[in-house]
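Novice: Here you go, one structure.
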Amino acid sequence: MADSTPRTPQRLQTKLVHSGDPHPRIEGSGIAPIFRSTIWEYRPEDGYHDVRYPRLSNLPNHVQMGEKLADLEGGEAGLVTASGMAAISATLLSLLGAGDHLLVQHGLYGGTHSLVTDDLVRLGIEHDFVDGNDPGEWKTKLRPSTKVFYAESISNPLLGISDLERIATFSREHNLVSLIDSTFTSPVNFRPIELGFDCVLHSATKYLNGHSDVVAGCVIASTDRVAAIKRKLDHFGGSLDPQAVYLLNRGLKTLALRVGYQSASALEIARFLESHSKVRSVRYPGLESHPDHARAARLFDGYGGMLSFEVGEDADETDGMIARLEIAMASASLGGMETVATRPAATTHAGMSRAERERLGISDGLVRFSVGIEATEDLIDDLQRALD
Ligand SMILES: *Cc1c(COP(=O)(O)O)cnc(C)c1O
C-alpha cells in the first residue's frame with residue numbers, strides 16, 4: 001500500500017496531484033480515504049515499532065503525506081506535523097540540547113524568534129543572530145558547540161533573501177546541520193535540498209494548504225533525521241489529525257496553479273505600486289529594484305505571492321488605507337487564496353521594540369500584502385481606490 005514509487009520521473013505538477021497515493025488503490029478509490037481509527041489491530045508477530053496510533057503519525061494518511069512531501073522537496077523522507085511551529089520545535093529539539101549553540105538569521109518569523117530566544121534559552125540552548133549576507137560574521141560567531149544554522153528562504157516582512165548558497169556550504173564545511181524555513185517560497189519556487197540544505201521546514205498552514213482552513217506543518221530531510229524528529233514529535237504530541245492531513249493533500253494538488261498565478265499577479269501589483277506616487281517604497285524579489293533580485297532570479301523558479309510596501313508617514317494613515325481596501329482583508333496570516341494585508345508593526349512584529357523594528361527597517365507605515373488568486377486587475381483597482 002505504501003509503494004507509490006512512480007515508474008518514470010515526474011515533474012512537480014504531476015507529483016502534486018499523485019505522489020503518495022496508495023498503490024493499489026484502496027477498494028479502487030481514486031481519492032485515498034481518511035483513516036480515523038485510534039485503535040489498530042496488533043498481530044502476535046508485530047514488534048513495538050509496528051504499533052499504529054495517530055499520535056505516532058503513522059496512520060496511512062500520515063505515511064502517504066510524508067512520502068509526498070519528500071517527493072516534492074527532493075528529500076529522502078517527510079513528516080507532517082500539527083503546525084509549522086510543531087515542525088520547527090520538534091526539529092530544533094531533536095538536534096540541540098543543553099550546552100549547544102545555533103546560528104540564526106536576523107528577521108526570523110515571530111514564533112520561531114520567541115522559541116529560540118525564550119524557550120531554547122531556558123533549556124540551556126544558546127544562539128547568536130547573524131546577518132544572512134555576511135559569512136565573515138558567521139565565522140566569528142561560530143563556537144565549538146555550534147550545531148545548527150537556521151535560515152528562512154525569504155524574510156518576513158521585508159522579503160530579503162540571504163546568501164543561501166553560502167549558508168549551505170558554510171554549514172557543510174563546519175559540520176552544522178542547515179535548516180531552512182521555506183514557507184514563503186514553497187517547493188513550486190524553490191527546493192532547498194537541491195542547494196545542499198539538510199532540513200526543509202514549512203508552515204503548511206500557508207501556501208501548501210492554501211485554503212486558509214488548516215493549521216499544519218512539515219519537515220523534509222534524510223530518513224535518519226526525520227526518524228529522530230518524529231521521536232520528539234511523538235513525545236511532545238505534535239501529530240496532525242488525519243482529517244487535516246486529507247485536507248492538506250487536497251490543497252496541495254493545486255499548489256503549482258496557485259503559486260504560479262500568485263507569483264505572476266504579485267509582480268504586476270508590485271509594478272503598479274512602484275509607479276504610484278503615494279507609495280514610498282516597494283519590496284518584491286521580482287522587481288529589479290529589490291536588493292536581492294539577482295539572487296532570487298538565480299535560485300527561485302518564481303518570486304512568490306508576498307510583497308510589502310510603505311504608504312503614509314504613520315500608523316493612522318496606513319491603517320486608514322488598509323481599512324479602505326474592499327477585497328483584501330486585514331489579516332496577519334498569508335499564503336491563502338484570499339488576498340490579505342497587514343501592518344507588521346501592529347501585528348506580526350508588535351512584540352518587538354520600536355528600536356529593533358527600526359533597525360530591521362520595519363517602519364510604522366509598512367504594509368505586508370499576501371496576494372491571493374482573485375483577478376489581478378480587481379486587486380490593483382482595490383489598491384488604487386484605497387490609495388487615492
Ligand atoms: C506561519 C509561519 C510559521 C508558523 O507556522 P504555524 O503553522 O502557524 O505554526 C513559521 N514560519 C513562517 C515563515 C510562517 O509564515
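Every number in this text was worked out from the coordinates using simple rules, so none of it is lab data. Since the model is a prediction, treat every value here as computed from it, not as a measurement. All Cβ positions, glycine included, derive from the backbone under ideal geometry; neighbour counts span all protein chains shown.
Novice: Sort ASP213, ASP181, ASP134, ASP292 so the one with the fewest other Cβ atoms within 10 Å of its own Cβ comes first.
Specialist: ASP213, ASP134, ASP292, ASP181
Novice: Restricting to DSSP H runs of at least four residues, report the calculated mean residue ellipticity at 222 nm for the chain, -39500 (n - 2.57) per run over all residues, nearest 500 deg cm²/dmol.
Specialist: -10500 deg cm²/dmol
Novice: Net charge near ALA77, counting Lys/Arg +1 and Asp/Glu -1 over other residues with Cβ under 11 Å of its Cβ?
Specialist: Its environment carries a net charge of -3.
Novice: Pick out which of THR14, THR38, THR376 has the largest mean-square fluctuation in a Gaussian network model of the chain, springs linking Cα atoms closer than 10 Å.
Specialist: Residue with maximal mean-square fluctuation among THR14, THR38, THR376: THR38.
Novice: Would you work out if region 140-244 is rounded, prolate or oblate? Take a ≥ b ≥ c from the square roots of the eigenvalues of the alpha-carbon gyration tensor; rounded if a/c is under 1.5, else prolate when a/b is larger than b/c, oblate otherwise.
Specialist: Cα axes put region 140-244 in the oblate bin.
Novice: Also: Compute the Cα gyration tensor for the chain, then decide on rounded, prolate or oblate, letting a ≥ b ≥ c be the square roots of its eigenvalues: rounded whenever a/c is under 1.5, prolate when a/b is larger than b/c in the other cases, and oblate in all that remain.
Specialist: Oblate, since a/c reaches 1.5 and b/c is not below a/b.
Novice: Mind running the shape call on region 283-381? Use the C-alpha gyration tensor, a ≥ b ≥ c as the square roots of the eigenvalues: rounded below 1.5 for a/c, prolate if a/b tops b/c, oblate otherwise.
Specialist: In terms of gyration-tensor shape, oblate.
Novice: How far, in degrees from 0 to 90, does helix 60-73 lean away from the longest principal axis of the Cα atoms of the chain, to the nearest 10?
Specialist: The helix 60-73 is inclined about 50 degrees to the chain.
Novice: Next up: Below 8 Å, C-alpha to C-alpha, sequence gap of six or more: please give me the relative contact order for the chain in percent.
Specialist: After rounding, I find 16 percent.
Novice: Step through the table entries LYS147/LYS230; LYS147/LYS253; LYS68/LYS141; LYS206/LYS232; LYS15/LYS147; LYS141/LYS232, compare each Cα-Cα distance with 30 Å, and write down the pairs that go over it.
Specialist: Beyond 30 Å between Cα atoms: LYS147/LYS253; LYS68/LYS141; LYS15/LYS147.
Novice: How much net charge surrounds TYR42 when only other residues with a Cβ under 15 Å from its Cβ are counted (Lys, Arg +1; Asp, Glu -1)?
Specialist: Net of charged neighbours comes to -2.
Novice: For the residues SER203, SER83, SER155, what sequence is obtained by ranking on other C-beta atoms within 10 Å, fewest first?
Specialist: Sorted ascending by nearby Cβ count, the order is SER83, SER155, SER203.
Novice: Right, something else. Given 4 °C and 1.567 mPa s, compute D for region 35-81 with the Stokes-Einstein relation, Rh being the Kirkwood radius over Cα pairs; round to the nearest whole µm²/s.
Specialist: Using the Kirkwood radius from Cα pairs, D works out to 111 µm²/s.
Novice: Order by neighbour count: ARG52, ARG43, ARG172, fewest other Cβ atoms within 10 Å first, most last.
Specialist: ARG43, ARG172, ARG52
Novice: Helix 84-95: angle to the longest alpha-carbon principal axis of the chain, degrees 0 to 90, nearest 10?
Specialist: Helix 84-95 and the main axis of the chain meet at about 60 degrees.
Novice: Over the Cα atoms, compute the radius of gyration (one decimal) and Dmax (the largest Cα-Cα distance, rounded to a whole number) for region 91-152, in Å.
Specialist: Just the Cα atoms of region 91-152 yield Rg and Dmax of 10.9, 29 Å.
Novice: Quick one: check the C-alpha center-to-center distance for region 87-120 versus region 186-224, whole angstrom.
Specialist: Going from one Cα centre to the other spans 17 Å.
Novice: Compute the signed sum of charges (Lys and Arg +1, Asp and Glu -1) over the other residues within less than 10 Å, Cβ to Cβ, of GLU317.
Specialist: In short, -4.
Novice: If you don't mind, there's one more thing I want to ask. Could you state the number of Å between the C-alpha centres of region 250-266 and region 269-296?
Specialist: When both Cα centres are located, 21 Å separates them.
Novice: Give me the angle, in degrees from 0 to 90, between the Cα long axis of helix 164-173 and the longest principal axis of the Cα atoms of the chain, rounded to the nearest 10.
Specialist: Roughly 50 degrees, rounded to the nearest 10.
Novice: Further question on the same structure: Which of these, ILE26, ILE327, ILE88, has the largest mean-square fluctuation under a Gaussian network model of the chain (Cα springs below 10 Å)?
Specialist: The residue that fluctuates most here is ILE26.
Novice: Determine, at each q value in 0.10, 0.16, 0.17 (inverse angstroms), the log₁₀ of I(q)/I(0) that the Debye formula gives when each Cα of region 1-149 is one equal point scatterer.
Specialist: With no solvent term, the Cα-only Debye profile gives -0.55, -0.99, -1.03.
Novice: Sticking with this structure for a sec: On a full-extension model of 0.36 nm per residue, what is the gain between THR169 and LYS278, subtracting their alpha-carbon distance, rounded to one decimal in nm?
Specialist: 35.0 nm
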